[in-house]
Structures are given as structure tokens and as C-alpha cells.
1. Take Ala417 and decide whether it is touching a Leu at 6+ places or on another chain (Cβ under 8 Å) and either among the aliphatic types (A, V, I, L, M) or at positive phi (or both).
2. Do we have any residue at all in the range 188-198 that's part of a helix (DSSP H, G or I), farther than 15 Å from Ile8 by Cβ and out of contact with any Gly (no Cβ under 6 Å at 6 or more places or on another chain)?
3. Does Val135 fit the bill of being closer than 30 Å to Gln182 by Cβ and either at pLDDT below 95 or part of a helix (DSSP H, G or I) (or both)?
4. Which of the residues that make up the range 376-407 are of a type in the set (Gly, Ala, Ser), buried (at least 17 other Cβ atoms within 10 Å of the Cβ) and farther than 23 Å from His423 by Cβ?
5. Out of Ala35, Ala56, Ala25, Ala60, report the one residue that is surrounded by 17 or more Cβ atoms within 10 Å (Cβ to Cβ) and touching a helix residue (DSSP H, G or I) at 6+ places or on another chain (Cβ under 7 Å).
6. Within the range 100-123, track down each residue that is surrounded by fewer than 18 Cβ atoms within 10 Å (Cβ to Cβ), in a loop (DSSP other than H, G, I, E, B) and not β-branched (Val, Ile, Thr).
7. Would you check if there is a residue in the range 85-99 being part of a helix (DSSP H, G or I) and of a type outside the set (D, E, K, R)?
8. Within the set of pairs 6 or more residues apart or between chains, which connect a residue that is closer than 29 Å to Val260 by Cα inside the range 69-90 to a residue that is of a type in the set (Asp, Glu) and part of a loop (DSSP other than H, G, I, E, B) with Cβ atoms less than 7 Å apart?
Amino acid sequence: MGNKRHDILLINPWVYDFAAYDLWAKPLGLLYLAALLEKNGWGIHYIDCLDIHHPALKIAGIQKPKRRLDHRGHFYREEVAKPVALREITRRFYRFGLPPAVFKKVLVSVAAPQAVLVTSGMTYWYPGVHEVIHVVKETFPGVPVILGGIYATLCAEHAREKAGADLVIAGWGELPVLEALQDLTGFTPFFLPDPVLLDSLPAPAFGLYPELDYCCCLTSRGCPYACAYCASALLSPRYTRREPASVVEEIARSVLEYGVEDIAFYDDALLAEQQFAIALLQGIAAREIKARFHAPNGLHCRGISQDVALLMRQTGFTTIRLGLETTNCERQQATGGKVNTEEFQQAVENLRQAGYLPQDIGAYILVGLPGQGRAEVEETIRFVQECGARHYLAEYSPIPGTLLWEEAVQCSPFDLAHEPLFHNNTILPCQGEGLSWADVQALKALARVP
């Protein structure tokens, strides 16, 4: 490489939506890429538009949004005009993240990089992605922009046609990004990770944040289940898992180096393998790691044995969300068969015996699935209440390529196939005679009843 510096700019864009909440959200894939690029000798500039601690916000005199003690909370937001496609939706619409003027000031303070990497989240968040790429192109004309992430993977054709990026990478991007940067910069990377061995990747580059409230951890990619509504198999077709000892070491280092007290697991299948789960929890206990652990993505009920529940309690798991979705037996089987009502009851009982209170145990209930009626959701809510857990309604978001996608396209009153904005669960994309917007509001009121 000689004395020439190869600088890369990485950006996590704004979110445009009716609502957004920081449930320990960091662009983990982008942070993995940052660490890999640093390991290969590239200089990294990093802008996370959603970072409430970004120094530019303080300089602009913008007060930080309120946060809970466990550091969940709101993003900075500004109300904006709704996209034309959503103009009939009677809710306010926001841009979450740095104000555009602040973002542009941060951008021009960076020396022109050799390439810009932009990540993407939900498919219906694409307006923020497109806008960031447009601003980058105006600021650094001629600098190539590479787009990756969830939207780029699930709506690759839409992204290639409309985002304005020079290259769109679908799927996990470590090796494709290294290859693309080699072509663009002429610099040959000397460290190539094994995509099958997740522990060959360097730890995510959380040190790029000047202030950090929490860290996120991924122990696996993919999922051994194939739920009809879930994108996991599309984002990570192969299920691979890290070694427990490596995960424990990463967590211990995060707590020590960054001083964080909260760790969120991003796995789709954290407890799916009993042996791994026990080894991981025993390792955390043995190291006496002092942190609160969170599982906002949902846990598989089958993995919560009495031993696992006790270890979760011992190690400091405070946010527990179980993936129940529905009590309808036919729908349970049709959507993947990952859990039945008896397994859910047993998981809750094991957690209660371990010392968790009803308010500590959450259960996700899907609402708005194609063909789903109000009575099914009501039955599920009451079942969760009777089991001694809290219910969290999760509106269904249609995802291109999933097993339910074609059925969703057929039953939706919106043009799901051509406009990703209509994938937004806030608008109840598959509303119909059996489940209206008014029904969902009534169900939410029922769910609030203690």
C-alpha cells in the first residue's frame, strides 16, 4: 500500500416513516464491514444519521431525545411531507436522524473518499437511502457509491433502477465489497474472512462512535426454521453459528472497552440450539460479566428449558420476547411450525419458575397476516394473558420473496409488487373484510388491558 491512504466513507442513512424507536438499533452489518476494512488497511470515515450522540447535533444546539435507563428511546425527528403514495394515510410522517443541513456539514468536513458504502434497512425506508446517495453524489461527484443492506437485498431490482448507486450488493457483503474496492482502488486486501466461519470476522467497529450507550451482538446468521412471513432465509440462506467462547469474549471486551451496560442480541435463532445456549450463558456467568442482556428479535420457546431459564435469570437477561405469533394451530403449521401453544406455555412456566415476573416476559403476536381475522388475534391476546405474560402486537409487513408474499400481493389493497412504501406495517398492508384498521385499534386497546 505504500504511504498512500485509502479512505472509505460508510453511512447509515435516515429513516422516513410514521414511527421509529431505538430498540438498541445499530447497523451491525455496516460495523462488521468497517472493522474488516480497517483490518485491511483502509482508513474509515463513518456517519450514522441515527446517532443521537453525534457531535454535530450538539453543535447545532439540538437536544438529545429522551432515553430509558436501559438506553431504549426515541431518535431525533422532524415532521416532513408524506410521499405521494402514502398521502391518504391519516398519520404524521417523519424523518428520523440528523437534519439534512447538519448531515451536509458533516459530509463536507470529510476529505473526498475513494468510495462510499451506504447500508439500508427496511424495504419501505428506501427514501432515506435514495436521498443520502443523492447528497453524496452532489458532494463527491465521481466518487463511486456502493449500496448494500436489507432493502438492497430484498428489493435489488428496485434499488438498481432507482437508488442512484454505482453498485448494489445483495446479501452479506464482506467478500463482494472487498472485491469491488479492489477493482475501484487498485488496492489488494490481505485479509479475507471465511464466510462460513463467522468468527473469522473481526468484531464490529463500535469504536467509531464517539459516545456509546449499548452494543449489539450476533451469534449466528440465518435461522434453522423457515417461517412463511420471515426474511431470514433470504438475507442469510445458510444457517451458521459462532463458537460460544468467541461470543463471550466479544461481549466481555465490549463491556470493558466501551463501558456499556446493555447488550442486545440480533439473532433470529439465539436459543434454537440448546447446547449452544447453555454454553453461551454459562460462559457469561463464569466471566461475571455485568450487563443487561436484551433479545428484541424474539426467542424460540423450544429453547427455553428450565436450565436455560435459570441461566438467563442468573446472567442478567432483562428483555425477553417470545415468538408466539398466533394460537391458531393451522396457521402455526402453515407459517413454519416453530412453536405451538403447549411449548409457549412451558417456556413461560420455566421463566416464571426462574424468577421472572409476568411483566418481564413478552410475547409477539402477529396481526394483519393475509386472511387473518380479528377473532384469532383476540384469542391469542387472551391466551398470553392467561399464561402470565405480556403481549406485544406486531403488525405484519409483507416481504418480497417470502412464502407469504404472493398471497399478500393478491389480498392487499395496495400495489405491494411495485411500491415498497406499501410494505410498511403501519398502514396494515393486508387489511380486508376480516381485519380493518378499526379492528387493529380495538385490539391494541384490548392488549393494553392488564
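The values are calculated or read from the model by the stated rules, or taken from the named source; none is laboratory data. Please read these numbers as outputs of a predicted model, since none were measured by experiment. Cβ placement follows ideal geometry from the backbone for every residue including glycine, while neighbour counts extend to all protein chains displayed.
1. Numbers: touching a Leu at 6+ places or on another chain (Cβ under 8 Å): no; either among the aliphatic types (A, V, I, L, M) or at positive phi (or both): yes.
Taking the combined requirement at face value, the residue does not satisfy it.
2. Quick first cut of the range 188-198, residues part of a helix (DSSP H, G or I) only: 198.
Retained after the next criterion (residues that are farther than 15 Å from Ile8 by Cβ): 198.
Now drop any that are not out of contact with any Gly (no Cβ under 6 Å at 6 or more places or on another chain), which leaves 198.
Yes, some residue in the range 188-198 is part of a helix (DSSP H, G or I), farther than 15 Å from Ile8 by Cβ and out of contact with any Gly (no Cβ under 6 Å at 6 or more places or on another chain).
3. Numbers: closer than 30 Å to Gln182 by Cβ: yes; either at pLDDT below 95 or part of a helix (DSSP H, G or I) (or both): yes.
Taking the combined requirement at face value, the residue satisfies it.
4. Across the range 376-407, the qualifying residue is only Ala389.
5. Values: Ala35 fails: touching a helix residue (DSSP H, G or I) at 6+ places or on another chain (Cβ under 7 Å); Ala25 fails: touching a helix residue (DSSP H, G or I) at 6+ places or on another chain (Cβ under 7 Å); Ala60 fails: surrounded by 17 or more Cβ atoms within 10 Å (Cβ to Cβ).
Only one candidate passes the filter, namely Ala56.
6. Answer for the range 100-123, where residues must be surrounded by fewer than 18 Cβ atoms within 10 Å (Cβ to Cβ), in a loop (DSSP other than H, G, I, E, B) and not β-branched (Val, Ile, Thr): Ser109, Ala111, Ala112.
7. Here is the first cut: in the range 85-99, the residues part of a helix (DSSP H, G or I) are 85-86.
Filter once more, keeping what is of a type outside the set (D, E, K, R): 85-86.
The answer is yes, given that some residue of the range 85-99 is part of a helix (DSSP H, G or I) and of a type outside the set (D, E, K, R).
8. So the pair list comes out as His71/Asp213.
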